[in-house]
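Heads up, the thing below is written out as structure tokens.
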Amino acid sequence: MLKEDPAVKKIMEQAYLSTRSMCKLFFSDTFSAPFSTLHNQIFDLIDSGHHKIAIAAPRGIGKTSIARAVATKGILFRDVNFVVYISNSATLAEMQTENIKRELLTNLMIKKLFGNIKVADVEGADDTFSKAAWVAYGSTFVLPRGSGQQVRGLNWANHRPELLIIDDLEDKDEIRNEEIRKKQRDWFFSDVLKTEDKYGKPSTFIYIDTIKHEDSMLELLMESPEWSTIRLSICDADYNTYDPNYMTTEEVKAEVEEHRSKGLMDLFYMERMNIPISIEDAVFKEEYFKYYEDHGDELVIHSVTESGNPREEKIPTSRLLHVTIVDPAKTVQLHSAESAVVTLGVDRESHKIFVREIFNEKVRPDALYDAMFDQVVRNNSRILGVEVTSLHQFISQPIENEMRVRGVYPTYLELHAVGKKADRVATLAPLYKLGYMYHNKNNCGPLEAQLRWFPRSKYWDVMDATGYITKIMDELDYYFDPEDLGDDPEEEFKELKYEDPIGDWRSA
């Protein structure tokens, strides 16, 4: 028999031990080009023996073909009895499992070495299984599944899913919706990852996709110590190729120019570099972030003059109008989501807005009150603005009560969110571009991280709170002075048209 031939046995052994070899030996039509170092890194991770694997690979590298090859290998060598192939929709998943079936039935090399593969539809299966499911060799069940479909609790012939391929799960349009992301995440962690047999051999999960959002499932897995991961890009930040066998630098830069000319650099960064937003076209660029040193009674800015000489500017903190802004978690249980407290100092004379302090944590109400009033007292904030949308009575009454109890009396503003968060944050863009915004070097990391990824940021709390500064300044008719004026800060504050909602009780 052909299988008994020593040369053939060696080939079979090589294919079994190496998915890379398997692809070249049995699927030469699909994998006709030489493998690049990018492909080799994917194959090395797949064959590593790890049971939870997440691969962020560039678009066009053949992710789906590799995923199908992994499933086919498990079927041919009888390594698994139950394969689940998951994609964004049931239609896409069924398309890929049908491609696997067609390969098994028509591939001449497979026929020569493994004989005719018996593939049959599932008979007598209950409604939990798809009509598109099928069985190979009478012993390996293959089930396609779309996002959100039932996976947990599946059992076929006393076998739980042993190999789960998750291929291209997230849709690049749907992923922008926070609720859809949360729903899909809940399904993945509560259903997909709970499919394996607790008392049998561990299931193997291979998640392969392109990162489409900073808060994507794949990005979450990339940060998990439980998953073995790899993040691949075709080039570096200067568009120099990482592998000329896959794409030369000239080819990469030509593609960049094409995307740039069409205003599609976001697409290039996402699909080719696994970065969900174009660094070139980012709303808040790294060079917009300016810094100051906080010396307590004065803020110091170091810069360089046009002639190249160092320059030091000192601004007394007593001259600033301090505003503390609170963005509570949008839930009655505040500790279940991030809340943010941000204090900014506005200097009309120098045309600068200083981000003084940032707090963002999952906290209970008492800790949130401590954080906001600590900042108010520390910075002598004249204004305390709190977003109250959908939580008006729950938020406002306790805060006004706490002001009385603590003897802290800033002017309290209820901030009602109008429109979308993204629009509110976008009002900061001209302030950054014009060089008005300055960050405290010691505590502005959370704000900068969120601004860098706008509008696909994983978290929004800090930049959303900061974005209210434009609304507050507008409501108070508080604007920068002309270059030749420098009024007394107390006189400036008296000019505010806003009437104190708490009356004259602060002097009682």
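Among residues belonging to region 191-228 that are of a type in the set (G, A, S) and surrounded by fewer than 19 Cβ atoms within 10 Å (Cβ to Cβ), point out the one that is farthest from the chain's Cα centre (by Cα). Can you show your working first?
Taking region 191-228 and keeping what is of a type in the set (G, A, S), we get 200, 203, 216, 224, 228.
Then drop every residue that is not surrounded by fewer than 19 Cβ atoms within 10 Å (Cβ to Cβ), which leaves 200, 224, 228.
Working: G200: 34, S224: 13, S228: 18 Å.
The selected residue is G200.
Could you pull out the residue among G60, G49 that is surrounded by fewer than 17 Cβ atoms within 10 Å (Cβ to Cβ), without any contact (Cβ under 8 Å) to a residue 12 or more places away in the chain and within 34 Å of the chain's Cα centre (by Cα)?
Details: G60 fails: without any contact (Cβ under 8 Å) to a residue 12 or more places away in the chain.
Answer to the selection: G49.
For region 404-428, what are the residues that are free of Cβ contacts under 8 Å to residues at least 40 places away in the same chain and assigned to a helix (DSSP H, G or I)?
We begin by selecting, within region 404-428, every residue free of Cβ contacts under 8 Å to residues at least 40 places away in the same chain; these are 404-408, 414, 416-420, 422-423.
Hits for region 404-428 are R404, V405, R406, A422, D423.
Which of the residues belonging to region 1-45 are of a type in the set (V, I, T), under 23 Å from R231 (Cα atoms) and surrounded by fewer than 16 Cβ atoms within 10 Å (Cβ to Cβ)? Quick ask: steps written out before the conclusion?
Let us first name the residues in region 1-45 that are of a type in the set (V, I, T), namely 8, 11, 19, 30, 37, 42.
Then drop every residue that is not under 23 Å from R231 (Cα atoms), which leaves 19, 37, 42.
Residue satisfying the conditions is T37 alone.
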- Message: Tally up the residues in region 217-245 that are touching a helix residue (DSSP H, G or I) at 6+ places or on another chain (Cβ under 6 Å), assigned to a loop (DSSP other than H, G, I, E, B) and in contact (Cβ under 8 Å) with a residue 24 or more places away in the chain, please.
- Response: 5
- Query: Just one of the numbered conditions (1) β-branched (V, I, T); (2) touching a strand residue (DSSP E or B) at 6+ places or on another chain (Cβ under 8 Å); (3) surrounded by 15 or more Cβ atoms within 10 Å (Cβ to Cβ) is not true of I180; which one?
  - Reply: (2)
- Note on the structure: Residues of region 395-428 being hydrophobic (A, V, I, L, M, F, W, C) and more than 37 Å from the chain's Cα centre (by Cα), in sequence order, are M403, V405, V408
- Exception for L92 within (1) at pLDDT 90 or above; (2) part of a helix (DSSP H, G or I); (3) closer than 24 Å to S21 by Cα falls at (3)
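For region 279-358, which fully contained strands (runs of 3 or more DSSP E) count at least 2 residues that are among the β-branched types (V, I, T) and either at pLDDT 95 or above or surrounded by fewer than 22 Cβ atoms within 10 Å (Cβ to Cβ) (or both)? Before you say what the answer is, go through the steps one by one.
Working: elements: 290-294, 298-304, 310-316, 321-327, 339-347.
It comes to 298-304, 321-327, 339-347.
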- Scanning region 415-438 for residues that are out of contact with any helix residue (DSSP H, G or I) (no Cβ under 6 Å at 6 or more places or on another chain), surrounded by fewer than 18 Cβ atoms within 10 Å (Cβ to Cβ) and of a type outside the set (A, V, I, L, M) gives H416, G419, K420, D423, P430, K433, G435
- Message: Suppose we filter A136, A157, A132, A57 for residues that are within 28 Å of E223 (Cα to Cα) and in the same structural domain as S190 (by TED's automatic domain parsing); which single one remains?
- Response: A57
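Kindly evaluate N274 against the criterion of being of a type in the set (S, T, N, Q), over 30 Å from N379 (Cα atoms) and crowded, with 19+ Cβ neighbours inside 10 Å. Break it down stepwise before answering.
Details: of a type in the set (S, T, N, Q): yes; over 30 Å from N379 (Cα atoms): yes; crowded, with 19+ Cβ neighbours inside 10 Å: yes.
In short, yes.
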- What number of residues within region 451-481 satisfy the criterion of being farther than 15 Å from E178 by Cα and among the polar types (S, T, N, Q)? 2
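Would you call S139 under 33 Å from the mean Cα position of the chain (by Cα) and of a type in the set (S, T, Y)?
Working: under 33 Å from the mean Cα position of the chain (by Cα): no; of a type in the set (S, T, Y): yes.
Spelling it out, it is not the case that S139 is under 33 Å from the mean Cα position of the chain (by Cα) and of a type in the set (S, T, Y).
The values are calculated or read from the model by the stated rules, or taken from the named source; none is laboratory data. Predicted model only: the values in this text are computed from it and were never measured. Positions of Cβ are generated from backbone atoms using ideal geometry, with glycine treated the same way; all protein chains shown enter the neighbour counts.
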